[in-house]
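Worksheet: one structure, shown below.
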Amino acid sequence: KALLEAMSCGDACVASDVGEISAIVGDAGLVIDPGHPEGFASAVLRLAEDAPLRRELGGKARLRVISNYGLAAWGERTRRVYEKATGWKF
C-alpha cells in the first residue's frame, strides 16, 4: 500500500520488480531488478538529477492510481482477497 500511497501523492517512485509491483507501477515509475542494488542507486540518482522526469512520472503515477486503484476498486480487491483467504463471503 505504501507504493500506491506515494504514487497517489504524485511522487515519482523507484520500486523493485517483485510480485505485482511492475504491474502496479507500469510506465509511471522506475522498476529495478531486486538482485542488483546498483540499479536502485542509479534509478534514484536519475530521478534526483532529472526534474522533468520526476514531474512526468509523478503525474503519471497519480493518474494511474486514480484510474486503477481508486477507493471502490481497492475495496473490491481487498474483499476478494479476504474471501479467498477465509473462504467466507463478505
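Quick notes on this one:
- Hey, ALA28 open to solvent by less than 80 Å² (accessible area, probe 1.4 Å), modelled with pLDDT of 95 or more and touching a Cys at 6+ places or on another chain (Cβ under 9 Å) or not: yes
- Residue in segment 81-90 that is surrounded by 10 or more Cβ atoms within 10 Å (Cβ to Cβ) and among the basic types (Lys, Arg) present: no
- Taking the criterion of being free of Cβ contacts under 8 Å to residues at least 40 places away in the same chain, assigned to a helix (DSSP H, G or I) and surrounded by 11 or more Cβ atoms within 10 Å (Cβ to Cβ), the residues of segment 6-23 that qualify are ILE21, SER22.
- Failed item in (1) crowded, with 16+ Cβ neighbours inside 10 Å; (2) at pLDDT 95 or above, with ARG55 passing the rest: (1)
- Condition met for LEU63 (in a helix (DSSP H, G or I), touching a residue at least 24 places away in the same chain (Cβ under 8 Å) and either β-branched (Val, Ile, Thr) or open to solvent by less than 90 Å² (accessible area, probe 1.4 Å) (or both)): no
- In segment 32-59, the residues that are more than 18 Å from ASP11 (Cβ to Cβ) form Cβ pairs under 8 Å with partners that are open to solvent by 50 Å² or more (accessible area, probe 1.4 Å), at six or more places apart or across chains, as follows: ASP33/ASP17; PRO34/ASP17; PRO34/VAL18; GLY39/ASP33.
- Close contacts from segment 75-88, counting a first residue that is farther than 22 Å from VAL65 by Cα and a second that is of a type in the set (D, E, K, R), with Cβ to Cβ under 7 Å and a gap of 6+ residues or different chains, come to GLU83/LYS89.
- Output for segment 27-63, where each listed residue is among the small types (Gly, Ala, Ser) and touching a helix residue (DSSP H, G or I) at 6+ places or on another chain (Cβ under 6 Å): ALA28, GLY29, ALA61
The values are calculated or read from the model by the stated rules, or taken from the named source; none is laboratory data. Quick caveat: nothing in here was measured; it's all calculated off a predicted structure. Neighbour counts run over all protein chains shown; Cβ positions are idealised from the backbone, glycine included. With ligands, DNA and RNA removed, areas are computed over all heavy atoms of the protein, side chains included. Shrake-Rupley method; radii C 1.70, N 1.55, O 1.52, S 1.80 Å.
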